[in-house]
Amino acid sequence: MSKPTVGIFGLTGCAGDQLVILNCEDRLLDIVALIDIRDFLMASSENDEGCPLDIALVEGAVLSRRDADKLRAIRQRSKILVALGTCAVWGGVAAMDRGKDRARLLEEVYGEIGLTYDSSPAQALHEVVKVDLGIAGCPIEKEHFIAAVAALLNGDTPLYPEYPVCTECRMRENNCLLIERGELCCGPITAGGCEARCPELRVPCVGCRGPAGDTNVPSFVAMLEQKGFDRQQLAARLRTFAPEGVAQ
Amino acid sequence: MKILKLPKEKLDLFASVVQQFGELHAPVEQDGKYVFKRLMRWSDARLEYDRTILPPKKYFLPPRETLFRYRPGEGFVPHTEGLDQRIILFGVHACDVYAINILDRVFAGKYPDPYYQARRKHIAIIGIDCSPDKHCFCRSMRADFVDHGFDLFFYDTGDYYQALVGTALGDDMVLATGSLFEPVDGTDIDDYKRRSWNKRRAFQLEVEIRDLPEIFEMEYQSEIWEELGEKCLSCGSCSMVCPTCYCYDVADHVELGSRAGRRARSWDSCLFASHALVASGENFRGPRASRIKFRFYHKQRGFVAEYGRPSCVGCGRCISACPVGIDVVQVIDRLRRVQDVASR
Amino acid sequence: MLLADEVATHHPVLSANPYQPHLARIVRIHKMVENNYLFTLRFAEDHLARAFRHQPGQFIMLSVPGVGEMPISVSSSPSRPEVLELCVRRVGRVTNALYRMRTNDVVGVRGPYGNGYPMQEIMGNDLLLAAGGLGMAPLRSLLWYALDHRDKFHNITLMYGAKRPDDMLFREELLALVDRTDINCLLTVDADDSGTWKNHVGLLPTLFDHAKIDPLRTYAAVCGPPVVYKFILQRLLDLGFPKNRILMSLERRMKCGVGKCGHCSIGYKYTCLQGPIFTYWDAINLPEMI
Ligand SMILES: Cc1cc2nc3c(=O)[nH]c(=O)nc-3n(C[C@H](O)[C@H](O)[C@H](O)COP(=O)(O)OP(=O)(O)OC[C@H]3O[C@@H](n4cnc5c(N)ncnc54)[C@H](O)[C@@H]3O)c2cc1C
Ligand code: SF4
Ligand code: SF4
Ligand code: SF4
Ligand code: SF4
Ligand code: FES
C-alpha cells in the first residue's frame, strides 16, 4: 500500500503549530516513515503543489481573501482536512477584535491606506470550508498531533477531551488559583487536553485551547464580577481566544 | 478489637519502623493546602491537616490508568505494573476511610474490579482522628467514625495516640515496633470519651439524612435544580475531588503506524454533557440542570437504594472546590425547608 | 463468570478480570440493510466458543482493537451456540471501524452482560414480541429461543414494523415465518414503493388488529425507537397488560458493562446490571427512564 500523501499549510498564524510538528524529535522519523509529505512550506523547498492529498493539515486563521482562496484550493485537493491549532479551529488570537468595525480598525492601524488592504474579519477554517478534524491548542500538543496521525492512518478519528481544564487541574491536584487566590483563571470554560499546564506552574489559564465542549459563560462571568473583576477587562480576556465560544 | 496506646513523642519512631511495610505517604503542605504524597522525611508530614485536595481514592483508582495493552496476535494483555506496590497511607481521616469502604463495595459485587482490588490489598491505611472545620459534616453523614477499613487508627487523646488495630497487618506493624505501644487503662478510656464528646460538639455544619431519599423524590421537580443548573460550570471539580465519585471513561490509545495500543480509563463526571450521550445524539441528561440534579440524586438518594446509605461522607471537598459556591449542605437544607405552599 | 475464570491462571495479580476481552474472529459479514450489517463471530479459543452461554436480551462488550469498546446485543439465540451473531448499525467511531473490518479479522469480546429476558418467568405463557426498526436486533435472540423451545411457550406473536421493505432486518428469515402455524408472524412496512411487498402496510400498532392477545397470560417484549415505545406501550396498557409483564430493552451509554463506570445509570439503577431489560413498572418508577 502506498503511503498517504500529506500536506502541511499555514494561513495567517504564527507557524507555532508547524513548529510543534518539526519538534516531534524522536517521533518525527516514525511519522515521516509512515506518510509522504508532499507539501510543507516550512520544512522543505521542494513542494509538490497541486497534487491530491490524503490529509491536509492547516494552521492559522483565514484573514484575507488570499487565505480563503488558498484554503479552498487545499480543500479541493484533500480527502481529510485537519484544522491545526486554536486559530484554525476557533479563529484564535486573530479573531480577537473582529467584533469591531474592520475598516475603522485598519484605518486606526495603517492610516488611510489600510482601507485598500486585503484584510477580512478573521474566520476559523470551518467557517470557510468543511473541516474534518480540529486539533485545538496554542500551540497544539505534540501528543495530540501524533494521536491524530496514528488514528487517521488507520481511518479513525482521534478522541480529545471535551471537559474543561479544571478537570485535569484537579486530577493533578493543583491548588486552585481562582478559588484560593482570586486570580482570573479561565480553566472552567477552556477545553482540557493540556494537562492544566499553566495552573500546574501557578499561572492562571488564559483559555488558549478555546472553549470546552459545554461552557456556562454567563455564570462564569457573574462569578468573576462578584469577585470584583471589571466587566470590560473580562470581556477582553474572554474574547482573546474564541470569539464565538465565550464572548457574551 | 485490639486497642493500644502510643506515647505521642514516639510517633516518629513508629513511622520509621513502619516503613519496612511499604513506601510511606502522608499529607504534606502545598501552598496552604494539603496533598497525600510520598514522604521524603517524616518532618514533612502534616498530621493536623484539614483535608487533602484529592482524597486517597487517587491511590486506589488513579485519575488515569492503563488497563490493557493490545498487540495484534497477542490480544489484550492486562497492564499490571505498579498494582502490587506496597504503600502505607499515614494519616487518613475517618471520612476518607469510610469513603474507601464505600468504594470497596462499588468495586466488588458481581464483577470485582481487579485493579482496584489489587491496590487495595497492597496499600495499608493508618487512620488518624481529626477536628471538624467549617466545611465538615461527616457526622451528619455517619462517617465521623469508622470501625473497619483501616489497618491502624489513631485517636489523639492528649499525651497519647490511642490505636485501634484493624487488621493482622496493623498488628504486625505494632509488633514490629517492639514495645512502643502500651496497653490502655481506665483513664485512657475516659480520655477517649472526652475526646469523642468534644469532637461531636465541634461540628458547625449539620444536615439530616433520614428520609432524605423520600424528600429527594418529592422535590424531583423543584425549581432549585434549574437554579443550580444555571450556576454550575460543568467544570467537573466536585467529582474529581469527591472521595466517593467513581465514574470513569474508557478510551483506546493507538500507537503510531499500527493497531497496537493501550486501553485506559480516566476519571469522569456526570456533570459533563457527554456522560449520558449516546450515538444517536440523544442525551438522557442533556440540560445542565438535569446533570447537577443527577449528581445530588446519585449521591444522596440513588446510592441509598443500592447500598443502604448515601455515598456522600460529608468531607466537604466539593464545597471548597466549586468555583461558583454550590454547596451540598445548603442544597439539602433548601430541599428540606418547609415552603409556604401558597407561594409555590 | 466463566470467561473471567479463564484468565485467572494467567495473571497472578489480577485474579479475575471482568474487563478482559477475548479474541474472536469475524467469520461472516452480511449486509442486511444499508448501514446495518450482521457480523458473525467465533471465539478464537475453541473452549470459549463452546463455553459461552447467554440469555436472550443480554449483550456483550465488543472491542475493535485500537479504537474502542461498545455494548452490542447478541442477536443469535443461545439455542444456536458456538457463534455469536451481532446486528450492528453504523453510527460512530467504533461502529465505523468495525465496518472497515473484513472476514477473518479479529475483535475482542467479553460478556455476556445484563439481565436478559426473564425466561423462567415467561415460559408457560404467551409471548408477544413487538419491534420497530432496529429493535429487532435484541428481540431476534428471544424469537429464536422461543421457536427452538416451542413446547415451552403457548401462543407466540411477532409484530415487526419497518419503514420500507428494504429497511427490514432479518427480512428473509422473518418472511419464512409468515406461513408457519406455530407463530403468528406479522410484518408491516410504513410504505412500499417496491410493489413486491406481500405483507401488511401501515404503522406498527395497526398490527394489533391482526393479533389475538390475551393480556393476562402474555408477556410482551417491546423494543424500538422512542415512537415505538410510545404507541405500543399505550396499546398494551389499553389492552389491560399488567405493568410488570411489559418488558422493554433500554439503551444507555456504556463504558464498562459491569456496574462500575457509572455511565449507564438511570436514577439508581445501572442499565448494564439491572437492565437492559426493564419492566414497564420499573420504567415509570425511575426518573429519566424513557
Ligand atoms: C444494552 C445495549 C445493547 C445494544 N445493542 C446494539 C445492537 O445490537 N446493535 C447496534 O447497532 N447497537 C446496539 N447498541 C448501541 C451501540 O452500543 C452504540 O450504537 C455504539 O456504542 C456506538 O458506538 P460508536 O463508537 O460507533 O459511536 P460513538 O458515538 O462514537 O460512541 C462512542 C462511545 O460511546 C458509547 N456509546 C455511544 N452510543 C451508545 C449507545 N447507544 N449505547 C451505549 N453506549 C454508547 C460507547 O462506549 C461508544 O464506544 C446497544 C446499546 C446498549 C446499551
Ligand atoms: S486553577 Fe484554574 S484550571 Fe485549575 S481548578 Fe482552579 S480554575 Fe480550574
Ligand atoms: S459529595 Fe462532597 S462532601 Fe460528600 S463526599 Fe463527595 S466531596 Fe465530600
Ligand atoms: S455523583 Fe456523578 S460522578 Fe459521582 S459517582 Fe455519582 S454519577 Fe458518578
Ligand atoms: S464544582 Fe461546582 S461548577 Fe464545577 S461541576 Fe461541580 S457543581 Fe458545577
Ligand atoms: S456500563 Fe459502566 S456502569 Fe453500566
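The values are calculated or read from the model by the stated rules, or taken from the named source; none is laboratory data. All figures in this text were calculated on a predicted structure; none of them were measured in a lab. In this analysis, Cβ positions are derived from the backbone assuming ideal geometry, glycine residues included, and neighbour counts consider all displayed protein chains. When the accessible area is computed, the model is the full protein with side chains, heavy atoms only, and any ligands, DNA or RNA have been set aside. Shrake-Rupley method; radii C 1.70, N 1.55, O 1.52, S 1.80 Å.
Couple of notes before you dig in:
- Within the range C:237-290, the residues that satisfy the criterion of being of a type in the set (Phe, Trp, Tyr) and more than 10 Å from ligand 6 (Cβ to nearest atom) are C:Phe241, C:Tyr268, C:Phe278, C:Tyr280, C:Trp281.
- Selected residue (only one of B:Arg301, B:Arg263, B:Arg201 is open to solvent by 30 Å² or more (accessible area, probe 1.4 Å) and either within 11 Å of chain C (Cβ to nearest Cβ) or within 24 Å of B:Arg105 (Cβ to Cβ) (or both)): B:Arg301
- Residue in the range C:267-286 that is within 16 Å of ligand 4 (Cβ to nearest atom), open to solvent by 10 Å² or more (accessible area, probe 1.4 Å), outside the structural domain of C:Arg164 (by TED's automatic domain parsing) and free of Cβ contacts under 8 Å to residues at least 12 places away in the same chain present: yes
- Residue in the range B:326-341 that is within 16 Å of ligand 2 (Cβ to nearest atom), in contact (Cβ under 8 Å) with a residue 24 or more places away in the chain and either more than 14 Å from chain C (Cβ to nearest Cβ) or more than 21 Å from A:Glu168 (Cβ to Cβ) (or both) present: yes
- Among the residues of the range B:221-241, just one is away from ligand 5 (no atom under 16 Å from the Cβ) and in contact with a helix residue (DSSP H, G or I) (Cβ under 8 Å, 6 or more places away or on another chain), namely B:Ser222.
- The residues of the range B:117-127 that are within 11 Å of another protein chain (Cβ to nearest Cβ) and open to solvent by less than 10 Å² (accessible area, probe 1.4 Å) amount to a single one, B:Ala118.
- Within the range C:234-252, the set of residues being open to solvent by 10 Å² or more (accessible area, probe 1.4 Å) and either closer than 27 Å to B:Gly281 by Cβ or in contact with a Gly (Cβ under 8 Å, 6 or more places away or on another chain) (or both) comprises C:Gln234, C:Ser249, C:Leu250, C:Glu251, C:Arg252.
- Pairs, first β-branched (Val, Ile, Thr) in the range A:158-169, second within 7 Å of ligand 2 (Cβ to nearest atom) and open to solvent by less than 20 Å² (accessible area, probe 1.4 Å), C-beta under 6 Å, six or more apart: A:Val165/A:Gly187; A:Val165/A:Ala196; A:Val165/A:Cys205
- Of residues in the range C:87-105 being more than 24 Å from B:Asp249 (Cα to Cα) and either open to solvent by less than 40 Å² (accessible area, probe 1.4 Å) or within 16 Å of ligand 3 (Cβ to nearest atom) (or both), the one nearest to the other protein chains (Cβ to nearest Cβ): C:Met101
- Residue satisfying condition, being surrounded by 16 or more Cβ atoms within 10 Å (Cβ to Cβ) and out of contact with any Pro (no Cβ under 9 Å at 6 or more places or on another chain), within set C:Thr181, C:Thr188: C:Thr188
Here is a yes/no grid of residues against (1) away from chain C (no Cβ under 14 Å); (2) buried (at least 19 other Cβ atoms within 10 Å of the Cβ):
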site	(1), (2)
B:Pro27	yes, yes
B:Arg38	yes, no
B:Gly82	no, no
B:Tyr98	yes, yes
B:Phe107	no, yes
B:Tyr115	no, yes
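- Top-ranked residue of the range C:38-74 - restricted to ones that are closer than 21 Å to C:Leu142 by Cβ and among the hydroxyl-bearing types (Ser, Thr, Tyr), ranked as most open to solvent (accessible area, probe 1.4 Å): C:Ser73
- Candidates B:Ala251, B:Ala276 - the one that is within 16 Å of ligand 6 (Cβ to nearest atom), aliphatic (A, V, I, L, M) and open to solvent by less than 10 Å² (accessible area, probe 1.4 Å): B:Ala276
- Checked against (1) touching a helix residue (DSSP H, G or I) at 6+ places or on another chain (Cβ under 7 Å); (2) assigned to a loop (DSSP other than H, G, I, E, B), B:Pro213 passes all but condition (2).
- Yes/no for B:Leu169 being in contact (Cβ under 8 Å) with a residue 24 or more places away in the chain, within 19 Å of B:Ser16 (Cα to Cα), more than 21 Å from the chain's Cα centre (by Cα) and in a helix (DSSP H, G or I): yes
- Of the residues making up the range C:200-214, those that are closer than 17 Å to C:Ile183 by Cα and surrounded by 13 or more Cβ atoms within 10 Å (Cβ to Cβ) number 6.
- One residue stands out among those in the range B:307-321 that are within 14 Å of chain A (Cβ to nearest Cβ) and out of contact with any Cys (no Cβ under 7 Å at 6 or more places or on another chain): the one that is nearest to ligand 3 (Cβ to nearest atom), which is B:Ile319.
- A:Arg197 being outside the structural domain of A:Cys138 (by TED's automatic domain parsing), over 19 Å from A:Trp90 (Cβ atoms) and surrounded by fewer than 24 Cβ atoms within 10 Å (Cβ to Cβ): no
- Boolean, A:Cys205 is within 17 Å of B:Leu233 (Cα to Cα) and at pLDDT 90 or above: yes
- Residue match in the range B:280-288 (condition: open to solvent by 30 Å² or more (accessible area, probe 1.4 Å), under 16 Å from the mean Cα position of the chain (by Cα) and away from chain C (no Cβ under 11 Å)): no
- A single member of B:Leu277, B:Leu271, B:Leu212 is within 28 Å of the chain's Cα centre (by Cα) and within 16 Å of ligand 5 (Cβ to nearest atom), and it is B:Leu271.
- Scan of the range A:214-239 for residues that are within 11 Å of chain B (Cβ to nearest Cβ) and surrounded by fewer than 16 Cβ atoms within 10 Å (Cβ to Cβ), ordered by number: A:Pro218, A:Ala222, A:Gln226, A:Lys227
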